[in-house]
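Enquirer: Pasting in a structure now, in structure tokens, and then I'll have a few things to ask.
Here, each number is a calculation from the coordinates, and none is a lab measurement. Keep in mind the model is a prediction, meaning the values are calculated, not measured. Positions of Cβ are backbone-derived with ideal geometry, glycine not excepted, and every protein chain shown enters the neighbour counts.
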Amino acid sequence: MSKAIELTAAENPEELLKLKVTEPKTWAAGIPAVYEAGKDVLKEDGVIRGLTALFHMNKKGGFDCSSCAWPDPDDDRSPIAEYCENGAKALAEEATTKKLTAEFFAANSVADLAKLNDYEIGKKGRIAQPVYLPKGGTHYQAISWEDAFKKIAAHLNTLETPDEAAFYTSGRTSNEASFIYQLFVREYGTNNLPDCSNMCHESSGTALNEVIGIGKGTVTLNDFYDTDVIIIMGQNPGTNHPRMLTALEKAKKNGAKIIAINPLREAGLIEFKNPQTVKGFLGFGTTLADLYLQVKINGDMALVKAIEKLLYEMELEEPGKVFDQAFIKNTTSGYDAFIEHLKNYDTEELAEQAGIPLPQVKEAAEMLKNKSRIIICWAMGITQHINGVDTIKEMVNLVLLKGSIGKPGAGLCPVRGHSNVQGNRTMLIYDKPNKKQLDKIKEVFGFEPPRQNGLDVVESIKAMHEGKLKVFFAMGGNFLSATPDTTYTAEALRKMKLTVQVSTKLNRSHFVHGEEALILPTLSRSDKDMVNGEAQFISCENSMGVVQMSKGILEPISSDLLNETQIVCKLAKATLGSRAVVDWDKYANSYHEVRNAIEKVIPGFEDYNSKVVKPGGFYLPNAPREGKFETSKNDGKAIFSITNLPVHQLANDEYIMTSIRSHDQFNTTIYGLDDRYRGIHNERRVIFMNENDIHNAGLNPGDKVDLFNYHGGITRAARLFIVVPYDIRGRNTATYYPETNVLVPIDSVAEGSNTPTSKLIIIKIRKHSK
Ligand SMILES: Nc1nc2c(c(=O)[nH]1)N[C@H]1C(S)=C(S)[C@@H](COP(=O)(O)OP(=O)(O)OC[C@H]3O[C@@H](n4cnc5c(=O)[nH]c(N)nc54)[C@H](O)[C@@H]3O)O[C@H]1N2
Ligand SMILES: Nc1nc2c(c(=O)[nH]1)N[C@H]1C(S)=C(S)[C@@H](COP(=O)(O)OP(=O)(O)OC[C@H]3O[C@@H](n4cnc5c(=O)[nH]c(N)nc54)[C@H](O)[C@@H]3O)O[C@H]1N2
Ligand SMILES: [Mo]
């Protein structure tokens, strides 16, 4: 029982910090960002390492920033380092010289570490050697790599079936390590490969695969430079993809208009002051959004339908002038049924449901009316909803009506999160592989891969709870804190016989563990990866399907770290022994060999080893870019979808809550306690509320409140939050992830993608009580 109390202590602290609230900012980047970037590196132990590394980030021959998947300029990788404030923070965290050795773990019990908050945990340092927690143990202790692999192998080999193990991946793992990892998992015998994508852009992959035949975006960076309209939906680039602002600035200079659709007036959507130009450095900015639409949370589908309806009426008045009838006729299917369905809607009602005044919807439609070079970008504000898949299909409908795909300056742009999350999927980290992919593995490696679908993230958590899983292995990430329903997930993890975390830094998943637990330390992106005396490079795929090399430069913090590929190969040997048909020794020591193997299995990687070393890397094939749609219908056409509006019924005391990232975090890694652009300082436990709602609920700004969710008859509580009035629609609220993951019901998932609905949680708000 004491364990349940540990979780509560971290989830529901007894005290708050001293919150300071200032006016939200209306612009992003500029001098404060440059200052902040430097400041964070300077703050960490290992300043020189941090600064040295900063000058090699996203630079020719340097390493890929691990903070997001936004691409580098195309023609060439920049000769100077390209980084943003948040990339610098990510690096500062990695480059720290604070080491966590066995002495640290001997001095700090798991129970004590579990009491720290995420910010304090992150500041502890880099894990420097493998450690093991025996059954009933209170402290992690030293273990050799060999013994660690033996222990995991012993567990894996005593399971009744390989399907009693699950192998998670977070999106930083390189192409090489991901490919080797899934190969091991499949030779071992399961497709249980949940990944962070399940909680992220799975809705995008699902929708796009179905209607355009590829689960990825269709634009390149150059499309941004010469386009007419960019629509940015449910995305906060100023914080999460700051380098995207440079592309938007360039787009605006070349005449593009921007429409921003977001419940919050995010600074990075409004204005950008580019620190890399003299003007920007002096504080002159570029206005970004020409039209900002403050949508209600999840009002996006209604809004897109309203715009489509208005465009349809314009098309009726001027046939062939608004819709691209030739494109629709030759390259799409389902148009007539789509239009019949659209006719049922009333534009005013749609606008009302979206929360946007009709004149503003008309303004948006006017901006699109005579244009066909349109790009739609989106991220978590769209995907993490019950109807995330359908909203994306509706966005595709709009693009198809306008013929805005498969031509320069136009297309779809799901903006990815983790720096190689897209590459992980290309490398077959997927619980639902198709027959063709599995056949290829069989042909190249000569073993029969499992054919049955595996478990995704939510299915894995449920299977753990039900006792169907016994071993949980995580290649990176922070499963406990990133997943929904924290208390339920903690119970699930504690039922495991063995939990293994391959990690760079400490996180809460190390403290909520199975009967036995292992932490295996690994190299990070900025670390030098020496194998047999030679510095290796890895490769990653960015948001636009470009595969590029990345070479770390920092001396690893300890000589006792293995790279992820070696960890997998050694584990494979220990587990499979003479059963193995894959030559694991060959791959352990050579990424070159791994890339040769990838080339044989995955289309688009021909001449991988020679192409990847070219400056700028290479593009993977993308049929929609060429106007070809390889959907399951097999007629080469993109598909119009018929979608239905979501219904949200709130009782008088209920609110909708969306969970968002602050400017000072990378997912569950908390760099600091401020959210500068939104005017929040020194506290993360805040709830942003509409001013009238605060008043109507009998609350005051600054009040302490507790938050509850009652989905499925279960009480979920997140206690002690401070009410902050914010410019947001009535009955809509926002809090920071992961503090409120405890409120996200495990059963509340997007239809079709099974993504937790982290952007729409129904809550009740009560004055705080002990
Ligand atoms: N510095 C930094 N960079 C990161 C990350 C990080 O944590 N820190 N995380 C990485 C990862 S893994 C990812 S997936 C991306 C995430 O990048 P984003 O998707 O930009 O991240 P979120 O903070 O989740 O915010 C989503 C935005 O959606 C808005 N929103 C919320 N609900 C709705 C809605 O119903 N409709 C609309 N239209 N908008 C809504 C929020 O106001 C917010 O502006 O960033 C990546 N890059
Ligand atoms: N409520 C709510 N929940 C969410 C979201 C949300 O918006 N709201 N967003 C979801 C999204 S989009 C995502 S992607 C997930 C993120 O889920 P995860 O990917 O699981 O979480 P991260 O916080 O990115 O993982 C951080 C940990 O990864 C390890 N790490 C860092 N770099 C490396 C490396 O190079 N190799 C290895 N092996 N380990 C490394 C470190 O130990 C660090 O503690 O969270 C999801 N959860
Ligand atoms: Mo993500």
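Enquirer: Only four residue types carry charge here, +1 at the Cβ of Lys and Arg and -1 at the Cβ of Asp and Glu. Report the dipole size of the stretch 112-154 about the Cα centre in Debye, rounded to the nearest 20.
Expert: The calculated dipole for the stretch 112-154 is roughly 20 debye.
Enquirer: Mind ranking 557-563, 521-527 by how tightly packed they are, going by the mean number of other C-beta atoms within 10 angstrom, highest first?
Expert: Ranking the peptides 557-563, 521-527 by packing returns 521-527, 557-563.
Enquirer: A further question on this structure: Which one of Val582, Thr227, Ile376 has its Cα pushed farthest toward the positive end of the charge dipole of the chain, where Lys and Arg give +1 and Asp and Glu give -1 at the Cβ?
Expert: Val582
Enquirer: Quickly rank 328-341, 735-748 as a protection proxy: mean count of other C-beta atoms within 10 Å, highest first.
Expert: Averaged packing, sorted descending, gives the order 735-748, 328-341.
Enquirer: Once you charge only the Cβ atoms, +1 for Lys and Arg and -1 for Asp and Glu, what is the size of the charge dipole of the stretch 85-146 about its Cα centre, to the nearest 20 debye?
Expert: 100
Enquirer: Can you give the charge dipole size of the chain about its Cα centre, rounded to the nearest 20 debye, using +1 on the beta carbon of Lys and Arg and -1 on the beta carbon of Asp and Glu?
Expert: Value, rounded to 20: 840 debye.
Enquirer: Sort 293-299, 706-712, 172-178 by the packing proxy (mean of other Cβ within 10 Å over each peptide's residues), most packed first.
Expert: 172-178, 293-299, 706-712
Enquirer: So, in Å, what gap is there between the alpha-carbon centers of the stretch 344-371 and the stretch 530-560?
Expert: So the separation of the two Cα centres works out to 48 Å.
Enquirer: Given the C-alpha centroids of the stretch 674-694 and the stretch 208-252, what is the distance between them in whole angstrom?
Expert: 28
Enquirer: Hey, another quick one. Take every DSSP beta bridge with both residues inside the chain and express the antiparallel ones as a percent of the total, to the nearest 5.
Expert: Beta bridges within the chain, antiparallel portion: roughly 45 percent.
Enquirer: For the chain, which cysteines have no disulfide-compatible partner, meaning no other cysteine Cβ under 4.7 Å?
Expert: Result for the chain is Cys65, Cys68, Cys84, Cys196, Cys200, Cys540, Cys569, no neighbouring Cys Cβ within the cutoff.
Enquirer: Right, next: For Gly411, enumerate residues with amide H under 5 Å from its amide H, sequence gap 5+ or separate chain, H modeled in the peptide plane.
Expert: Ile374, Ile375, Ile376
Enquirer: Do any trypsin sites (Lys or Arg not before Pro) in the stretch 376-458 lie in a DSSP loop with no more than 11 other beta carbon atoms within 10 Å, and if so, which?
Expert: Arg451
Enquirer: Right, next: Give me the percent relative contact order of the chain, please, defined on Cα pairs under 8 angstrom at least 6 residues apart.
Expert: 21
Enquirer: Using +1 at the Cβ of each Lys and Arg and -1 at the Cβ of each Asp and Glu in the chain, identify which of Ala251, Pro162, Ser178 lies farthest towards the dipole's positive end.
Expert: Ser178
Enquirer: While we're here: For the stretch 397-509, what ratio Rg/Rh do Cα atoms give with a Kirkwood hydrodynamic radius?
Expert: Taking Rg over the Kirkwood Rh, I get 1.08.
Enquirer: Sticking with this structure for a sec: Please list the radius of gyration and Dmax for the chain, considering alpha-carbon atoms only, with Å as the unit.
Expert: Rg, Dmax (Cα atoms, Å): 25.0, 76.
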